[in-house]
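Peer 1: The structure's right below; bear with me while I get my questions together.
What follows is calculated from the coordinates using simple rules that are stated; it is not laboratory data. What you are looking at is a predicted structure, and each value in this text was computed from that prediction instead of being measured. Methodologically, a virtual Cβ is constructed for each residue, glycine included, from the backbone with ideal geometry; neighbour enumeration extends over all protein chains shown.
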Ligand SMILES: Cc1ncc(COP(=O)(O)O)c(C=O)c1O
């Protein structure tokens, strides 16, 4: 089991932080402030809100709750994880260089390779699982280091404190995309990172019904830049989306407990199947990042990827035999999902970069939900059986011929 204890009062703060009784009505649950504007008491006098792109009480409640859970002073919510990532990139400027871990979410890779270079920001990629490689990629103009841990989809572990030290020596910001780990299992700011980014679409929202993103920082100047540029560019979440995310957040610790228990069992189960060539899950003792995960996380999470020993033609058979593991993009909802990273989540990566990251055609990614564990295992069994049955049929046809 992971060594780090769950944060003090996490479950309590997820339910109460930033979510006191509504000052206008006493409503116990933060209301959805579905308003564009706020009536001013007199010229130049308002009650703390002027216009909802700039600030909104429902969104502010979410921001305060997330900041508390990540151990930072400032939360800034966005309309999606990608908007949060794009917002974070407002902390660098033309002429700046950014070092990026080479194993990362395909959408971040797309932004870094196909959008931001047009604005004069340069990017280099390095294997962040070996911090010395990351250090080698640092240049005199490096202003930011960008990592994810555990990584998507290979579930590799990156030492946040070691990367923070490399960034600090260079006077650069360390940004950690903490989407996979969640604030319950890992707090990058406490490990020395400057910026923590989330796609709240995933575990924080938790029910696959709302897209959102957030950034948490402890530094006031960074918070001001993020808020100023978000107001200037407009990538906010609407009040309903902020409210749904806040509702999901309240049960994060409860959900995560079940997600992780199921994931550990699914990973162990996959390890027993002869049709599986490799299982990537930090909770398995033979995972190369197991020790690091135990040290810097309070649990091993619920994302698994595995390499199936199947031909390109057999993979669709496996996938279509699954009923509970739904073939879909995304992760972190209460329902289990399966994805084929090479053609789905990481399709934006070139074949060469996919190969470098270890994303083969045989790699499948599971987001393990909170269904009954026996049902999940039976579902995967059905997938493997479909592949075996197909092989038997093909053999029979060959024998007859
Ligand atoms: C690790 C990670 N970061 C960021 C994102 C982007 O989030 P969103 O889809 O909310 O824009 C994703 C989406 O899958 C992700 O997996």
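Peer 1: Out of region 209-229, which residues are touching a residue at least 40 places away in the same chain (Cβ under 8 Å) and within 11 Å of the ligand (Cβ to nearest atom)?
Peer 2: Hits for region 209-229 are 211, 212, 213, 214.
Peer 1: State yes or no: is residue 84 in a helix (DSSP H, G or I), surrounded by 24 or more Cβ atoms within 10 Å (Cβ to Cβ) and touching a strand residue (DSSP E or B) at 6+ places or on another chain (Cβ under 8 Å)?
Peer 2: Against the criterion (in a helix (DSSP H, G or I), surrounded by 24 or more Cβ atoms within 10 Å (Cβ to Cβ) and touching a strand residue (DSSP E or B) at 6+ places or on another chain (Cβ under 8 Å)), residue 84 qualifies.
Peer 1: If you don't mind, there's one more thing I want to ask. For the list (1) under 17 Å from residue 10 (Cβ atoms); (2) touching a helix residue (DSSP H, G or I) at 6+ places or on another chain (Cβ under 9 Å); (3) assigned to a helix (DSSP H, G or I), I need the number of the one condition that residue 265 fails.
Peer 2: Single failed check for residue 265: (1).
Peer 1: Just to verify a result, which residue in region 335-351, among those that are more than 10 Å from the ligand (Cβ to nearest atom) and closer than 16 Å to residue 368 by Cα, is surrounded by the fewest Cβ atoms within 10 Å (Cβ to Cβ)?
Peer 2: Taking the candidates together, the pick is 335.
Peer 1: From the list 330, 367, 350, 305, pick out the single residue that is closer than 30 Å to residue 127 by Cβ, without any contact (Cβ under 8 Å) to a residue 12 or more places away in the chain and out of contact with any helix residue (DSSP H, G or I) (no Cβ under 8 Å at 6 or more places or on another chain).
Peer 2: So the residue among 330, 367, 350, 305 that is closer than 30 Å to residue 127 by Cβ, without any contact (Cβ under 8 Å) to a residue 12 or more places away in the chain and out of contact with any helix residue (DSSP H, G or I) (no Cβ under 8 Å at 6 or more places or on another chain) is 350.
Peer 1: Another question about this same structure. Could you list, in sequence order, all residues of region 193-205 that are assigned to a loop (DSSP other than H, G, I, E, B) and within 16 Å of the ligand (Cβ to nearest atom)?
Peer 2: Let us first name the residues in region 193-205 that are assigned to a loop (DSSP other than H, G, I, E, B), namely 193-194, 200-205.
Matches in region 193-205: 193, 200, 201, 202, 203, 204, 205.
Peer 1: Can I ask one more? In region 160-192, which residue that is within 16 Å of the chain's Cα centre (by Cα) and part of a loop (DSSP other than H, G, I, E, B) is nearest to residue 145 (Cα to Cα)?
Peer 2: Taking the candidates together, the pick is 178.
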